[in-house]
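Following: one structure in structure tokens, then a few remarks.
What follows is calculated from the coordinates using simple rules that are stated; it is not laboratory data. This is a predicted model, so every value here is computed, not measured. Virtual Cβ from ideal backbone geometry, glycine too; neighbours counted across all protein chains shown.
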Amino acid sequence: MIKRFTLGSPIDTDAVVGRLPVTDISEFPLALETGEKTVISFDLRDGEMIFGLGEAIRGINKRGWIYESWCSDETNHTEDKKALYGAHNFIIIENRFALFVDFAGKIEWDLGYESPSRAKITLDGSDADIYYITGKAPRDMAIRFRGLIGKSYIPPRWAFGYQQSCWGYAKESDFVAVRDRHRENKLPLDAIYMDIDYMDSFKDFTVNSERFPDFQAFVDDMKASNIHLVPIIDAGVKREKGYSVYDEGSERGYFCTDKDGEEFQCGVWPGIVGLPDFLNPDAREWFGSKYDALLDYGIDGFWNDMNEPALFYSKQGLESAVKKLQAIDPDTMDIWGFFEMRNVLFGMQNSYSDYCSIYHDLGGRRVCHKDVHNIYGAFMTRAAAEYFEKKYGKEKVLMFSRASYIGTHRYSGIWFGDNFSWWSHILLNLKLLPSANMCGYLYCGADLGGFNNNVTPDLLLRWLALGVFTPLMRNHRALGTRAQEAYSFENVSDFADVLAVRYRLLPYLYEAFRRASDEDDMLFRPLAFDYPDDKIARETEDQLMLSDECMIAPVYEQNRLGRTVYLPEDMTLLRLSGERVDRTELKKGVHYIDVALNEVPLFLKKGKKITLAEPALNTEELDWETLEIIEG
Ligand code: GLC
């Protein structure tokens, strides 16, 4: 059952589909304090687990830490952080109830941090819809919640193929080389990503004509070899007279303003930009139609970035920082002065006070950004998706967004942002999957191999062996990092073996994905969902259930030749590598399993079946019909 409670007059965040009748607030079953802030609190029972919050750091069981809903351009995904890029305000209190707090401002989730046996949710405001959901088990509550928020986005089928990205591919020949080297090395590939360098001076919806003298011929040539190009679009629009996107947006008043009603100016990749006011439906429609600049070439995939929105600095913040720095006398500055100077410099990025000085036009009502921060990026992606759907219908364009709110899952996927080439981030990737799924994000994945920092071939292979199962399977890295394309290392055949497994499993994975989307279900579940009475399964957070047939348990530590796996029931271990499938029958319990670097372990439940296709070099060439059946 779902009950909706309304406080004040909340804005329409586009999170839910359909409108539930409002239940009188006197029936709200938890402690509630209202005022400038809203506080919901309740006791936690011994051993009770908490799930949810989508894209957030730490464990699958969220109990024992304090989190924030505040879409953040946060590159350090470390345990001290409270928020990442998405705001997914949904939690499940194991077998009792679930809550969806539909509120676009900041929320603090103290889930047993201040007091281990008490949860306290603090909303920075007084207008919200709160949905109280009950069900017999966490999975039912998640399904019920998904029914409320609408069907998950399904990308085109090619988007389930392997994809290569790098911030640094700049000119035509870079992309051609990536395609050709995959081909030469018999490595599969379906898409190559175009990061900011394809643009002219980082201006959205432009293509640099020196780097791409004949962009149409280039797109056609890639398409002819079944490679899709996926360009990035950033939220900020360069403020430059004569640049038609800026001129049009400015003339029509489509940019966010400051307190005096002037366009708010901040610095991102292109230098000073205007932030399109995605909360204004007219601005949304206008921005969506701008994707035509690339769609018209036959481009059919995009990633929307920097849409939290990320601000390196604001114009006003920079001016005040420069003044402060000019007043410094290096001869008299003590160490505290030095620290202060450092704070002035680093405090400019994504500063809360800047977010408080941006204004939106919400149907003629002026709204301060801090109160709607968490839907800004979501509404950018909505703008694009609504346009794509109008133009082509569903499932034609791949899109994923960095910032998101509940509701974005109907329009696009998400990727988990700027992680590091760290072993611990393989595990973080795994833990994010079920939490994102609960919140509707089925098409999601992390930068495989890690974005920041230098990769090693073993780390990449282990990470890819997890990526084989994630709907979005993209290898991406930052500018200046060590090459991490699958052909960059001595043992290329190991990479070919692991990537082949993705294509062999694709018909099964694609069907499982569609089923999860149709049934509002999760593709990945914590073991605790399926084996709630099994003490070890409840605490196992480095393995996941995959659909209704399988369990996955990737190796995620350096120099490991295998790993310890807990089997909550008898299962068949499949060691998949290239065309090879080795079977081992295993009994319920703890096992150490060997896993070579070119192998992908998969556990199949007894009585369940999966299918395997012949290996292929891309989704077009894959034979989706001739399948081998493997029984557990
Ligand atoms: C951001 C994105 C990253 C991208 C970079 C340059 O950091 O998260 O994926 O490569 O910007 O566009």
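Numbers for the structure displayed
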read-out: Residues in the stretch 382-408 reached by a label modelled at residue 252 [backbone nitrogen below 20 Å; 7 Å Cα→Cβ]; value: 382-392
read-out: Residues in the stretch 559-582 that a label on residue 493 would reach, taking backbone N under 19 Å of a point 7 Å out along Cα→Cβ; value: 576-582
read-out: For the chain, calculated [θ]222 nm from helices alone, where every DSSP H run of n ≥ 4 adds -39500 (n - 2.57); value: -8000 deg cm²/dmol
read-out: Karplus-derived 3J(HN,Hα), 6.51/-1.76/1.60, for each residue of the stretch 208-219, Hz, glycine and proline x; value: 5, 7, 6, 6, 10, x, 9, 4, 4, 5, 5, 4
read-out: Positive-end extreme of charge dipole, the chain - chosen from 571, 600, 443 (charges on Cβ); value: 571
read-out: Spacing of the two label points (7 Å from each Cα toward its C-beta) at residue 334 and residue 30, in nm; value: 4.7
read-out: FRET E, pair residue 559, residue 240, Förster distance 41 Å, beta-carbon r, rounded to 0.05; value: 0.20
read-out: Hydrodynamic radius of the stretch 337-473 per Kirkwood, over alpha carbon pairs, in Å; value: 17.5
read-out: Spin-label pair residue 584/residue 356, simplified geometry with 7 Å Cα→Cβ offset, distance in nm; value: 5.9
read-out: Positive dipole terminus of the stretch 483-592, leading residue within 512, 493, 555 (C-beta point charges); value: 493
read-out: Of every Cα-Cα pair in the stretch 1-121, the percent that sits beyond 25 Å; value: 24
read-out: Under 5 Å, built H, 5+ apart or other chain: amide partners of residue 399; value: 302, 413
read-out: P(r) weight above 15 Å for the stretch 593-632, C-alpha pairs, percent; value: 58
read-out: Lys, Arg +1 and Asp, Glu -1 on Cβ, resulting dipole of the chain about Cα centre, debye, nearest 20; value: 1160
read-out: FRET efficiency, 1/(1 + (r/R0)^6) with R0 30 Å, evaluated for residue 456 and residue 514 via beta carbons; value: 0.25
read-out: Debye, to nearest 20: dipole size of the stretch 424-538, +1 on Lys, Arg Cβ, -1 on Asp, Glu Cβ; value: 240
read-out: Positive-end residue of 164, 141, 176, charge dipole of the stretch 102-176 with Cβ unit charges; value: 141
read-out: Ratio of the Cα radius of gyration of the chain to 2.2 N^0.38 Å, where N counts its residues; value: 0.95
read-out: All lysines inside 18 Å of residue 588 as judged from Cα atoms, apart from same-chain residues fewer than 8 positions distant; value: 535, 605, 606, 608
read-out: Spherically averaged projected area in nm², based on the convex hull that wraps the Cα atoms of the stretch 398-542; value: 9.5
read-out: J(HN,Hα) series, the stretch 42-53, from Karplus relation 6.51 cos²θ - 1.76 cosθ + 1.60, nearest Hz, glycine and proline x; value: 6, 7, 10, 8, 4, x, 6, 9, 10, 10, x, 6
read-out: Translational diffusion coefficient (Stokes-Einstein; Kirkwood radius from C-alpha pairs) of the stretch 91-137 at 10 °C, 1.306 mPa s, in µm²/s; value: 135
read-out: Fraction of alpha-carbon pairs over 17 Å apart in the stretch 162-251 - percent; value: 52
read-out: For the stretch 605-632 versus the stretch 295-338, the gap between their alpha-carbon centres in whole angstrom; value: 49
read-out: Estimated dipole of the stretch 283-333 in Debye, rounded to 20 [Cβ of Lys and Arg +1, of Asp and Glu -1, Cα centre]; value: 240
read-out: Long-range HN-HN contacts of residue 405 with modeled amide H, under 5 Å; value: 87, 378
read-out: In order through the stretch 392-405: 3J(HN,Hα) via Karplus (6.51 cos²θ - 1.76 cosθ + 1.60), integer Hz, x for Gly, Pro; value: 10, x, 8, 6, 9, 10, 7, 8, 9, 10, 7, 7, 7, 10
read-out: Gyration tensor (alpha-carbon) shape descriptor, the stretch 67-164, a/c threshold 1.5; value: oblate
read-out: Whole-Å distance, taken between Cα centres, linking the stretch 465-485 and the stretch 1-49; value: 39
read-out: Scattering curve values for the stretch 42-81, log₁₀ I(q)/I(0), Debye with Cα scatterers, q = 0.15 Å⁻¹; value: -0.41
read-out: Sequence-separation-based contact order of the stretch 163-255, relative, with Cα cut under 8 Å and 6+ spacing, percent; value: 27
read-out: Using alpha carbons only: equivalent-ellipsoid semi-axes of the stretch 516-566, gyration tensor based, whole Å; value: 23, 15, 7
read-out: Size of the stretch 372-442 as Cα extents on the principal axes (Å, biggest first); value: 42, 29, 22
read-out: Relative contact order [Cα under 8 Å, 6+ residues apart], the chain, whole percent; value: 14
read-out: Reachable lysines from residue 390, criterion Cα separation under 21 angstrom, eight or more residues apart if same chain; value: 151, 290
read-out: At 0.890 mPa s and 25 °C, Stokes diffusion of the stretch 521-632 via Kirkwood alpha-carbon radius, µm² per second; value: 163
